[in-house]
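Here the structure comes first, spelled out in structure tokens, and everything after it is commentary.
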């Protein structure tokens with residue numbers, strides 16, 4: 001690529017790479033400079049820890065539990081400068097990303113099942129994470145747990161997470177002082193900066209303070225798509241020999257103008273538009289504001305017993321104008337902004353978990369866990385759907401937000417409660433260790449109660465109420481035949497609150513959507529059963545996991561209401577079974593060459609349906625194969641220089657339930673470089689990267705979170721994007 005095509009900030013950093021750290025005065029750097037560069041280069045390595053917070057079982061090494069868990073630490077966020085949580089999780093081959101209902105809400109797919117943003121955990125608690133979009137700079141760990149987890153974490157309040165969950169760990173003070181200032185650039189005109197400060201004080205460094213913040217603003221690589229992020233976080237902790245206290249508070253405000261939306265099709269898959277073309281309506285936007293906090297206490301009541309309690313809360317205030325593109329003619333791209341809508345949303349959520357962990361025994365050991373948790377949610381919302389506007393996928397209509405309302409509900413100026421829920425549970429488990437803990441047997445039960453109320457959009461009266469109880473057991477086995485090898489198996493159940501029926505659904509008889517008669521209704525909870533077996537390898541230069549699993553779950557969808565051709569009804573009308581194999585590796589085969597990657601195969605099949613023609617079909621939006629690999633190479637002959645690269649592959653995926661529409665497979669490549677130099681006694685890290693180097697144009701996903709009928713919801717992949725950043729650690 002000619003240099004004239006590179007944005008100026010990227011070009012400037014590339015120029016900096018050409019100047020060795022010792023070239024300023026023509027002499028070799030002193031040993032202090034060498035130590036600074038080597039230490040900073042090591043600090044910049046992207047790391048994945050084979051461990052995580054397993055809820056009822058606490059923080060655990062993956063080797064000791066019959067589950068698949070990993071944690072991407074904050075080094076990845078510093079190195080890659082991701083805009084949102086999705087940019088972090090695209091490093092994991094077991095996680096896909098889609099959008100929910102055409103707005104900015106990121107939806108994650110694990111083992112072929114959805115994980116809504118509402119169900120991403122925060123310090124082990126549900127319901128208090130900023131929803132829709134998350135600024136990654138506030139977190140020191142992004143944990144991925146593959147598989148059902150109703151015993152480990154309790155039922156997810158947002159009705160998802162049967163295939164796995166994601167838990168975010170807020171930053172706490174480090175053992176070593178840190179003052180880092182970072183400036184960043186993203187093409188075509190998105191600039192930002194962040195600050196991260198960590199200190200410990202007092203006798204034995206008992207008191208820790210962590211302050212961090214980020215501000216970014218400007219147009220990204222998609223034409224006209226502007227994103228602005230402001231996020232602030234503060235952490236305070238105190239630790240003695242037997243007491244640990246922590247308090248974190250955070251604020252996040254993210255606005256996206258003219259987000260490139262989902263594309264809804266029924267009769268064929270249209271050609272992919274140019275990678276940077278924006279077919280979104282100019283009047284669309286989303287503004288997401290959250291204030292949240294978490295407090296925790298751990299107290300060692302004895303050498304072998306720890307009492308703990310964690311509590312958190314959030315207040316959310318959101319609004320947006322949304323408009324997906326519905327394509328009627330996949331050849332010409334002719335279609336419409338079908339029912340553009342204004343939707344405000346407010347929420348007040350709280351969550352608390354408490355328990356005790358006790359370790360007993362010598363020859364035969366026991367690790368008991370007893371506890372419980374409660375999550376409360378109150379959602380206040382309304383909707384105002386406007387009349388449809390003609391447009392074209394390849395020649396977007398420039399029109400204002402329509403003045404005429406097609407259908408509406410609630411009070412858009414002052415939304416009142418539409419949904420409330422209370423989820424509480426009590427759990428008990430025991431992990432028995434035999435043969436010097438080379439054999440670990442885990443058994444446990446969680447009693448769960450879900451109470452939900454839905455209220456009318458027309459006056460706020462109670463529409464529906466239910467309270468359901470369930471016992472979700474777990475049984476797991478770990479065998480360590482030799483050091484470094486762990487074989488495991490489990491049977492665990494998933495339990496989720498029923499999905500909320502959407503306001504609109506696909507018209508089964510024509511392109512476009514129809515209103516849903518029972519919109520806003522929360523379906524009764526449902527459960528699934530997962531069986532999983534695998535092996536984990538932990539060596540000095542290699543960690544890896546190979547897992548096979550099978551899980552089933554009810555399938556949600558919409559269909560024509562009885563006796564109507566103009567209204568739909570939503571419900572759980574079938575069942576889906578997902579079977580697959582996952583491989584994940586983190587390795588350093590030779591010093592300075594690091595690899596993180598893996599592959600996933602999923603066979604997702606519709607096993608029950610009220611439509612016999614769908615039986616045996618592939619579930620929509622679940623590719624058979626996904627794989628990726630991240631590579632870092634510390635160039636041995638240029639001190640401080642690291643080359644980086646990533647490849648991502650997603651296989652074919654059914655785009656609708658009848659399997660008449662299919663998305664092609666796609667592969668994209670990213671490349672970059674990192675260079676560390678010593679400016680006096682201060683390390684400076686320069687980074688440049690190009691995402692989607694070949695500017696591949698592709699439909700990335702066809703997944704939808706609530707049924708799909710015979711309609712496909714397509715999400716286009718991001719175009720070639722240049723990234724650059726510079727960090728100074730004082």
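Some observations on this one:
- Residue within region 105-112 that is in contact with a strand residue (DSSP E or B) (Cβ under 8 Å, 6 or more places away or on another chain), crowded, with 24+ Cβ neighbours inside 10 Å and closer than 23 Å to residue 194 by Cβ present: no
- Counting residues in region 593-608 that are part of a loop (DSSP other than H, G, I, E, B), touching a strand residue (DSSP E or B) at 6+ places or on another chain (Cβ under 8 Å), surrounded by fewer than 17 Cβ atoms within 10 Å (Cβ to Cβ) and at pLDDT below 95 gives zero.
- Check on residue 303, surrounded by fewer than 20 Cβ atoms within 10 Å (Cβ to Cβ), at negative phi and modelled with pLDDT under 95: yes
Table: residues versus (1) closer than 23 Å to residue 172 by Cβ; (2) touching a strand residue (DSSP E or B) at 6+ places or on another chain (Cβ under 6 Å); (3) touching a residue at least 40 places away in the same chain (Cβ under 8 Å).
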{"site": "297", "(1), (2), (3)": "yes, yes, yes"}
{"site": "300", "(1), (2), (3)": "yes, yes, yes"}
{"site": "306", "(1), (2), (3)": "yes, yes, yes"}
{"site": "309", "(1), (2), (3)": "yes, yes, yes"}
{"site": "313", "(1), (2), (3)": "yes, yes, yes"}
{"site": "319", "(1), (2), (3)": "no, yes, no"}
{"site": "326", "(1), (2), (3)": "no, yes, yes"}
{"site": "331", "(1), (2), (3)": "no, no, yes"}
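- Checking 130, 82, 157, 66 one by one, the residue that is crowded, with 24+ Cβ neighbours inside 10 Å and either within 28 Å of residue 587 (Cα to Cα) or in contact with a helix residue (DSSP H, G or I) (Cβ under 6 Å, 6 or more places away or on another chain) (or both) is 66 and no other.
- Residue satisfying all of: in region 709-730; at pLDDT 90 or above and farther than 28 Å from residue 37 by Cα; surrounded by the most Cβ atoms within 10 Å (Cβ to Cβ) among these: 714
- Residue check, residue 631 over 27 Å from the mean Cα position of the chain (by Cα) and either free of Cβ contacts under 8 Å to residues at least 12 places away in the same chain or surrounded by fewer than 20 Cβ atoms within 10 Å (Cβ to Cβ) (or both): no
- Residue in region 244-252 that is assigned to a strand (DSSP E or B), more than 27 Å from the chain's Cα centre (by Cα) and modelled with pLDDT of 95 or more present: yes
- The set of residues in region 471-484 being out of contact with any helix residue (DSSP H, G or I) (no Cβ under 8 Å at 6 or more places or on another chain), part of a strand (DSSP E or B) and either closer than 23 Å to residue 150 by Cα or modelled with pLDDT under 95 (or both) consists of 471, 475, 476, 477.
One line per residue, one yes/no per condition, for (1) buried (at least 20 other Cβ atoms within 10 Å of the Cβ); (2) within 19 Å of residue 158 (Cα to Cα); (3) in contact (Cβ under 8 Å) with a residue 24 or more places away in the chain; (4) under 30 Å from the mean Cα position of the chain (by Cα):
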residue: 478; (1), (2), (3), (4): yes, no, yes, yes
residue: 487; (1), (2), (3), (4): no, no, yes, yes
residue: 495; (1), (2), (3), (4): yes, yes, yes, yes
residue: 502; (1), (2), (3), (4): yes, yes, yes, yes
residue: 510; (1), (2), (3), (4): no, no, yes, no
residue: 515; (1), (2), (3), (4): no, no, yes, yes
residue: 525; (1), (2), (3), (4): yes, yes, yes, yes
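- Check on residue 356, modelled with pLDDT of 95 or more, surrounded by fewer than 16 Cβ atoms within 10 Å (Cβ to Cβ) and out of contact with any helix residue (DSSP H, G or I) (no Cβ under 6 Å at 6 or more places or on another chain): yes
- Considering (1) out of contact with any strand residue (DSSP E or B) (no Cβ under 7 Å at 6 or more places or on another chain); (2) at positive phi, the lone condition that residue 659 does not fulfil carries the number (1).
- Exclusive hit being within 25 Å of residue 317 (Cβ to Cβ), under 14 Å from the mean Cα position of the chain (by Cα) and at pLDDT 85 or above, set 144, 109, 120: 120
- Note on region 78-88: among residues that are in contact (Cβ under 8 Å) with a residue 40 or more places away in the chain and over 13 Å from residue 596 (Cβ atoms), the one that is nearest to the chain's Cα centre (by Cα) is 85.
- Boolean, residue 130 is more than 29 Å from residue 645 (Cα to Cα) and part of a loop (DSSP other than H, G, I, E, B): yes
- With respect to the conditions (1) in contact with a helix residue (DSSP H, G or I) (Cβ under 8 Å, 6 or more places away or on another chain); (2) surrounded by fewer than 24 Cβ atoms within 10 Å (Cβ to Cβ); (3) in contact (Cβ under 8 Å) with a residue 40 or more places away in the chain, residue 75 falls short on a single one, namely (3).
- Scanning region 185-233 for residues that are in a strand (DSSP E or B), surrounded by 17 or more Cβ atoms within 10 Å (Cβ to Cβ) and touching a helix residue (DSSP H, G or I) at 6+ places or on another chain (Cβ under 9 Å) gives 185, 194, 196, 212, 213, 214, 229, 231, 232, 233.
- Residue within region 73-89 that is in a strand (DSSP E or B) and modelled with pLDDT of 80 or more present: yes
- For residue 398, the test of being free of Cβ contacts under 8 Å to residues at least 24 places away in the same chain and exposed (fewer than 15 other Cβ atoms within 10 Å of the Cβ) is failed.
- Region 362-461 holds strands (runs of 3 or more DSSP E) entirely within its bounds, and those carrying 1 or more residues that are within 20 Å of residue 501 (Cβ to Cβ) map to 365-381, 383-386, 405-409, 417-434, 439-455.
- Looking across 487, 514, 495, one residue alone is touching a strand residue (DSSP E or B) at 6+ places or on another chain (Cβ under 6 Å), part of a strand (DSSP E or B) and either at pLDDT 95 or above or on the phi > 0 side of the Ramachandran plot (or both). It is 487.
- Among (1) more than 29 Å from residue 283 (Cβ to Cβ); (2) in a loop (DSSP other than H, G, I, E, B), the one test that residue 158 misses: (1)
- Any hit, region 275-288, residues being farther than 30 Å from residue 513 by Cα, at pLDDT 95 or above and not in a loop (DSSP other than H, G, I, E, B): no
- Matching residues, region 642-671, being buried (at least 22 other Cβ atoms within 10 Å of the Cβ) and under 21 Å from residue 180 (Cβ atoms): 642
- Every residue from region 674-730 that is more than 30 Å from residue 618 (Cα to Cα), part of a loop (DSSP other than H, G, I, E, B) and in contact with a strand residue (DSSP E or B) (Cβ under 9 Å, 6 or more places away or on another chain): 693, 694, 720, 730
- Complete set of residues in region 534-553 that are under 19 Å from residue 492 (Cα atoms) and surrounded by fewer than 16 Cβ atoms within 10 Å (Cβ to Cβ): 535, 548, 550
- The combined condition, being modelled with pLDDT of 85 or more and over 26 Å from residue 446 (Cα atoms), is not fulfilled by residue 25.
The values are calculated or read from the model by the stated rules, or taken from the named source; none is laboratory data. In this text, all values refer to a predicted model and were calculated from it rather than measured experimentally. Reconstructed Cβ throughout: ideal geometry from the backbone, glycine too, with neighbour counts over all protein chains shown.
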